[in-house]
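**Q** Questions regarding the structure given below will be posed in turn.
The values are calculated or read from the model by the stated rules, or taken from the named source; none is laboratory data. For clarity, every value in this text was computed on a predicted model and none was experimentally measured. Cβ atoms come from the backbone with ideal geometry, glycine included; neighbour counts cover every protein chain shown.
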Amino acid sequence: MTSRRPQDGDVQLEPPVARHADVVPAVEDRSYLIFILGALAMALLAGFLLSVVISLALSGTITWGEERLPQMTQAHGWAQVQGWAGLFVAGMALRLMPRFAGRPPIRTKVTVPIFVLLFAAAAGRVVAQSSPAGTAAEALLVVAGLAGAAGAAAVGAAVGYTLARGRKRPEPWRYFAWAGAAWWAVWAVLMLIAAFKGARNDVFVPARLDDAMAWTVMLGAVGNFVFSVQSRSVPVFFGRRLPSRRKLAPPGVLLNAGALLVLASGLPFDGPVSERLLGAGLALAGAGLAWLAPVAGSVWGEAKRLRPRARAAARYVLAANITVLMAGALLAWAGANSVVSGEFESFGARDAARHALGLGMITMLIIGMAQLVSPVFALERAEARPAGLEDHLAWWSLVAAIGLRVIAALAYAHIETGPRMHLAATAGVLAWLGLAMFAFSVVRAVRKEPRMKALLATAAGVSDSGR
Ligand code: HEM
């Protein structure tokens, strides 16, 4: 057999160790990068920026946007949930699910249009809800809803197709991935409903629907993929065996049953029924999350299996799961209170849980897993040097941001809104800085990649000429 010499731009991949009909050759696929960069743009330019603006406006420190504060608060929530979490989770699901299922990568002619739809939807909603009301804002909200619905349905369909055609081993990640794909299809319908209702209501989506929708998405569409990916890798990083299907079935059922009840609470029931449904949903899902964090993820230990540089990334995963554990307990408590009273209870605990999940399960896990599994960080993962100053600064900024944001939420009804929202604004600034440092490391890794390929090509050339 003759072999061609490596050329510039080639991607040298490990030769397959097995030749078998089931072995899928690795193909370089970089479209996940646009999802990461798009998610970072949404977070830095919209979600975290608006978090500071609304906190300062709620405290009365600034008057900018005062009259549209309810809309801007929704704009912040969805920039984070749809833009930051949604884009990243979609990118990772489209990249990783085919690998897990032993299928060829999903083609860029599918993934890139999905990215465009999802990005346009998130950006459109934020612009519509943070600009002056009028027919243009209403039209933009509807267009964003249509784009988002198409994008979310396509994510559900692409992942579902991949799973249906892939290897059918009874591994737990598959069940979470199936559930995740189904929740993306549900999200598509919710996006349409929210867009049309919001357009008829001064670009403000009715609060009960919006709240039920945000929880449904965080628990169902995001939570399931988070635990699908974690259950297949994280315990191993921390030197434990992968959990079995039997072990993960009860918390997985709790999480999804909870998300279903939350979804049902958005239907037009009367007050107490709706509050009890939402409460029961949050309580069940909370119990599921608190159970999943130590079993499918990890809340203690050292990532001994990883190199020193990668261990710094593993502590993000640890912190993420510890906050999931905390958020789960808060949700179980807040939800149980509403089940008993039939009223909206424990705003502080719900807000703390929402932000523990948003900054922990979502932000910390994104940063940790991106560094641990995405190829663009492969060179840095392999470095022998431990984490540098910028890694430590980013880490401590984000840890402080979680602490302050959760305290600001739990202090609801105990201290006045002014100082409470100043704590939140400080958290927002710290989170923004931490994320900006992570964005910097992504850009640095993207720029370093050609050097990595050149090194690999040289190494391959040397071994070729030595044959
Ligand atoms: C440190 C960063 C953050 C700060 C300072 C912050 C601040 C806030 C504030 C002040 C509110 C309004 C709460 C109220 O009504 O009293 C809020 C709501 C919300 N936040 Fe955040 N947030 C941050 C990060 C996040 C993240 C990362 C996510 C999700 C990934 C998120 C999702 C939400 C949602 C869904 C709402 C509810 C929006 C609504 O009422 O429609 N936040 N946030």
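Residues checked against (1) in contact with a strand residue (DSSP E or B) (Cβ under 6 Å, 6 or more places away or on another chain); (2) in a helix (DSSP H, G or I); (3) surrounded by 19 or more Cβ atoms within 10 Å (Cβ to Cβ):
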site	(1), (2), (3)
L146	no, yes, no
A152	no, yes, yes
Y161	no, yes, no
A164	no, yes, no
G180	no, yes, yes
D202	no, no, no
V205	no, no, yes
W215	no, yes, yes
S228	no, yes, yes
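**Q** Right, another one. How many residues are within 16 Å of I362 (Cα to Cα) and more than 14 Å from the ligand (Cβ to nearest atom) when one looks only at region 25-78?
**A** 5
**Q** Looking at this structure, is L37 within 20 Å of the chain's Cα centre (by Cα) and of a type outside the set (D, E)?
**A** Yes.
Listed here are the residues, each with its yes/no results for (1) away from the ligand (no atom under 16 Å from the Cβ); (2) of a type in the set (F, W, Y); (3) farther than 20 Å from P243 by Cα.
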| residue | (1), (2), (3) |
| --- | --- |
| G301 | yes, no, no |
| R309 | yes, no, yes |
| A332 | yes, no, yes |
| A336 | yes, no, yes |
| G342 | yes, no, yes |
| A352 | no, no, yes |
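**Q** Shifting gears a bit: All but one of (1) touching a Ser or Thr at 6+ places or on another chain (Cβ under 8 Å); (2) more than 16 Å from the ligand (Cβ to nearest atom) hold for L263, so report the exception by its number.
**A** The single condition L263 does not satisfy is (2).
**Q** I need a count of the residues in region 46-78 that are out of contact with any Lys or Arg (no Cβ under 9 Å at 6 or more places or on another chain), aromatic (F, W, Y) and crowded, with 17+ Cβ neighbours inside 10 Å.
**A** Residues meeting the conditions: 1.
**Q** Report yes if some residue within region 254-273 is assigned to a loop (DSSP other than H, G, I, E, B), out of contact with any helix residue (DSSP H, G or I) (no Cβ under 9 Å at 6 or more places or on another chain) and free of Cβ contacts under 8 Å to residues at least 40 places away in the same chain; otherwise report no.
**A** Yes, the conditions are met somewhere in region 254-273.
**Q** Shifting gears a bit: Tell me, which helices (runs of 4 or more DSSP H) wholly within region 53-130 include 2 or more residues that are more than 28 Å from G156 (Cα to Cα)?
**A** In region 53-130, 69-78 are the helices (runs of 4 or more DSSP H) which contain 2 or more residues that are more than 28 Å from G156 (Cα to Cα).
**Q** Let me ask something additional. Test N321 against the criterion of being among the polar types (S, T, N, Q), modelled with pLDDT of 95 or more and over 20 Å from the mean Cα position of the chain (by Cα), and give yes or no.
**A** no
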